[in-house]
Amino acid sequence: MNKKVLKTLEYDKIIDMLVEEADSALGKDSARRLRPSSDRGEIVAMQAETSHALTRLFHHGALSFHGLTDIRPSLVPLAKGGTLGAGELLRIGALLEAAKRAVEFDKKDEETDFLSGRFDGLQTFPEIRREISRCILSEDEISDDASSELKRIRRAMKTTNDKIREQLSVTVNSSGDMLRDNIVTMRNGRYCLPVKQEYKSAFQGMIHDQSSTGSTFFIEPMAIVKLNNDLAELAMKEQEEIERILASISSICAPETEGLERDVILLSELDFIFAKAKLSKKMQGSEPIFDDNYIEIKKGRHPLIPRDRVVPIDVTLGKDYRLLIITGPNTGGKTVSLKTVGLFTLMGQAGLHIPAFDGSHLRVFHEVYADIGDEQSIEQSLSTFSSHMTNTVSILKRADKNTLALFDELGAGTDPVEGAALAISILDNLLQRNVTAMATTHYSELKIYALSTDHVENASCEFDVESLQPTYRLLIGVPGKSNAFAISEKLGLGKDLIEDAKTRISENDENFEDLLADLEKSRVTIEKEQAEINRYKQEIQSLKERLEQKQEKLDASRDKILRDANEEAFRILKEAKDVADETIRNFNKYGKAKAPMSEMEKERTRLRDKMNASQKKLADQKKNAVPNHKVPKKLQIGDTVKVISMNLKGTVHTLPNAKGDLYVQMGILRSL
């Protein structure tokens, strides 16, 4: 992709935003080098990586790449058996900590995706990581626990230091008059006292330094010379042990240089990919589809315009038409629409998501050319027209069927008649060569050209004449009206001047502008009616859903009533059967025993009460049951029927009356 279009469409500003999202210097470098690709397979893979990283981001939060640095220069001496310093080993440890975090982050996802291969390739080298963490505290400090020998040496150094301080305290107290100040200083790594010049011969010790005035000599007391010697010897042993420890850790790292280098590469790639995902999340982006050779942007928002000010646009190009001509007044958003399509194309082909609705389509172009903005060159003494024409000529030489060409105010800056004629010729040439192009203009001739030419379509940026403000909505299929007269009148220009101006334009032009005005009024009316229809549809849908919910509740209530009725009917029948059985038993008992008539009458009354109670319950249940009006028209006495409310079979005992009610005999029960 040519460098000029990257600057013209402000692709570099998108890259600056991407760089900010990367955690490491390596990830930022990858972001700075990102350029659009023209290989469909590569583009689809890059888009999938961004999408899968975004999915992980939403599910598990951000993955930190803190500690990722380029340790590869340190691996060169390591591979040759060299020893690394504490700082270099710390950076290896930080790299392995980042690798460990990444591996643990990957374990949160059970399914594989386009990033799984990179995560699987990471190695955490736990032994190296533990040794570095255990032994090295900072670039200038090795832990006492790095080795038992180092701990012993440092314990001895502490003991020697304590002895030196005790001895110096005694010397200071006994030789206070000889000292300039009662302080202890260090000279050449040895403890000294500031002795006055007149006492230098009397003070026993070794002179190490003197002040600039010569009035003070820094003398190491003889009493601590041996202790200082012991301390210096211990310091050398300490350094030797530290070097041995660093060499030991380096020897553990040496066989793993290839794995460590691979970790650097994989982590930097993941940092870069997750930076793309974070940018997508920030701009509420989505993955564009590249499976067809056309552009269809749904509610696209220019990413460099603040979200509270940007107006989403819908653009289709390359499906039914290859040339789109956008017309309308200045400051109406024509250039923004042009830049949005061009910038989305560059971003999509670089594997970046675009701030548009899901399902937006982009096409893969080998080149994008753009002639946008005022490129007047004072140094070259070129007019605006000449500058734009120079760019246009360059585009015409290079454009082909795999090119997206963008022209802002094509043919402007010269005589309107000639400019319009040139613009039509240029666009027709591009059309004949199957070039996909967009152009903005305010020439009426280009509107007519789009209306009368196949594979060319008009579009306009909506303008509210009442408020004198553009709405920035892009309307495909509708040519824009200049609105010069209407705007001038709103701003206070006299009607007589406006009427005079109207007489100075041709009748065809006036009729054409009137036609556009009528079309605009019709479009607004249709949009209002469509909005009202959609509102009615939503209300109908809402009512339908509420009715369905109500019907479901009624069905559920009916089913419950039927279940309860069936259970109650079974219970009543069982009770009736028990009463019948008890009646037979009592009859037999009283018949054999010849019991008094009063006892038999009491028992008969009790059983009759039970039967009446059962019949009353059955009648109440029938009243509360859900009525069933689907009674067969031709029923005969003796026909077998099923009583749904009781889930029992019976025979017709009487014919239906006028209401459709009839008696059914079910064993010893008779029900209406």
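The values are calculated or read from the model by the stated rules, or taken from the named source; none is laboratory data. Given the structure is predicted, the values throughout are model-derived calculations rather than measurements. Cβ atoms come from the backbone with ideal geometry, glycine included; neighbour counts cover every protein chain shown. These area figures cover heavy atoms from the full protein model, side chains too; ligands, DNA and RNA do not enter into them. Shrake-Rupley method; radii C 1.70, N 1.55, O 1.52, S 1.80 Å.
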**OP:** Apply the Debye scattering formula to the stretch 106-159, with a single equal point scatterer on each alpha-carbon and no solvent, then give log10 I(q)/I(0) at q = 0.20, 0.26, 0.30 Å⁻¹.
**Re:** -0.79, -1.00, -1.11
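Among residues other than THR55 whose Cβ falls under 12 Å from its Cβ, what is the net charge (Lys/Arg +1, Asp/Glu -1)? Walk me through the numbers on the way to the answer.
Details: positive: ARG56, LYS108, LYS281; negative: GLU49, ASP109, GLU111, ASP113, GLU287.
Cβ neighbours under 12 Å give a net charge of -2.
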Subject >> Between the stretch 101-115 and the stretch 404-437, the alpha-carbon center distance in angstrom >> reply: 52 Å
**OP:** Filter the chymotrypsin sites (Phe, Trp or Tyr not before Pro) in the stretch 198-278 down to the DSSP loop ones having no more than 16 other Cβ atoms within 10 Å, then list what survives.
**Re:** none
Original post:
Of all trypsin sites (Lys or Arg not before Pro) in the stretch 227-317, which ones are in loop regions per DSSP and have a Cβ with at most 12 other Cβ atoms within 10 Å?
Top reply: ARG307, ARG309
**OP:** Calculate one ³J(HN,Hα) per residue across the stretch 231-237 by plugging θ = phi - 60° into the Karplus curve 6.51 cos²θ - 1.76 cosθ + 1.60, and present them in order as whole Hz with x for glycine and proline.
**Re:** 5, 5, 5, 5, 4, 5, 5
Subject >> Neighbour cut-off at most 14 other Cβ (10 Å), DSSP loop, trypsin sites (Lys or Arg not before Pro), the stretch 46-108 >> reply: LYS80, LYS107, LYS108
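All other residues with a Cβ under 15 Å from the Cβ of ASP177 taken together, and with Lys, Arg as +1 and Asp, Glu as -1, what is their net charge? Walk me through the numbers before you get to the answer.
On the way: positive: ARG180, LYS196, LYS200; negative: ASP181, GLU198.
Taking every other residue near ASP177 into account, the sum is +1.
Could you tally the net charge around ASN229, taking each other residue with its Cβ under 11 Å from the Cβ of ASN229, Lys/Arg +1 and Asp/Glu -1?
Values: positive: ARG190, LYS226; negative: GLU220, ASP230, GLU233.
Computed value for this residue: -1.
Over the Cα atoms of the stretch 1-156, what is the Rg over Rh ratio if Rh follows Kirkwood? Walk me through the numbers before you get to the answer.
Working: Rg = 20.6 Å, Rh = 18.9 Å.
We get a ratio of 1.09 for the stretch 1-156.
Using only alpha carbon positions, build the gyration tensor of the stretch 41-106, then give the equivalent ellipsoid semi-axes as the square roots of 5 times its eigenvalues, largest first, whole angstrom. Intermediate results must be reported in sequence, preceding the final value.
Working: eigenvalues 204, 51, 12 Å².
Output for the stretch 41-106: semi-axes of 32, 16, 8 Å.
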Original post:
Distance from the Cα centre of the stretch 268-322 to that of the stretch 9-81, in angstrom?
Top reply: 19 Å
**OP:** With θ set to phi - 60°, apply the Karplus curve 6.51 cos²θ - 1.76 cosθ + 1.60 along the stretch 14-26 and write out the HN-Hα couplings as whole Hz, x wherever there is a Gly or Pro.
**Re:** 5, 5, 4, 5, 5, 4, 5, 7, 7, 8, 10, 4, 5
**OP:** May I have the pair-distance distribution P(r) for the stretch 266-331, computed from all Cα-Cα distances with 5 Å bins from 0 and rounded to whole percent?
**Re:** 4, 12, 16, 19, 18, 14, 10, 5, 2, 1, 0
Original post:
Given H placed 1.01 Å from N in the peptide plane, which residues other than close sequence neighbours of GLY121 have an amide H under 5 Å from its amide H?
Top reply: none
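Can you give me the accessible area per residue for the stretch 37-135, using a 1.4 Å probe, in Å²?
On the way: 4840 Å² over 99 residues.
Spelled out: the 1.4 Å probe surface of the stretch 37-135, per residue, equals 49 Å².
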Original post:
If R0 is 45 Å, what FRET efficiency do you get for LYS634 and ASP358 from their C-beta distance, rounded to 0.05?
Top reply: 0.15
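Among the listed pairs LYS278/LYS334; LYS108/LYS298; LYS7/LYS298; LYS278/LYS299; LYS108/LYS299, give every one whose C-alpha distance is greater than 23 Å.
LYS278/LYS334; LYS108/LYS298; LYS7/LYS298; LYS108/LYS299
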**OP:** Describe numerically, in nm with one decimal, the distance between label points set 7 Å from Cα along Cα→Cβ at LYS7 and at ASN534.
**Re:** 4.3 nm
Original post:
Across the stretch 176-329, how large is the tail of the calculated P(r) beyond 19 Å, expressed as a percent of all Cα pairs?
Top reply: 77 percent
Original post:
Translational D (Stokes-Einstein, µm²/s) of the stretch 144-206 at 10 °C and 1.306 mPa s when Rh comes from the Kirkwood sum over C-alpha pairs?
Top reply: 117 µm²/s
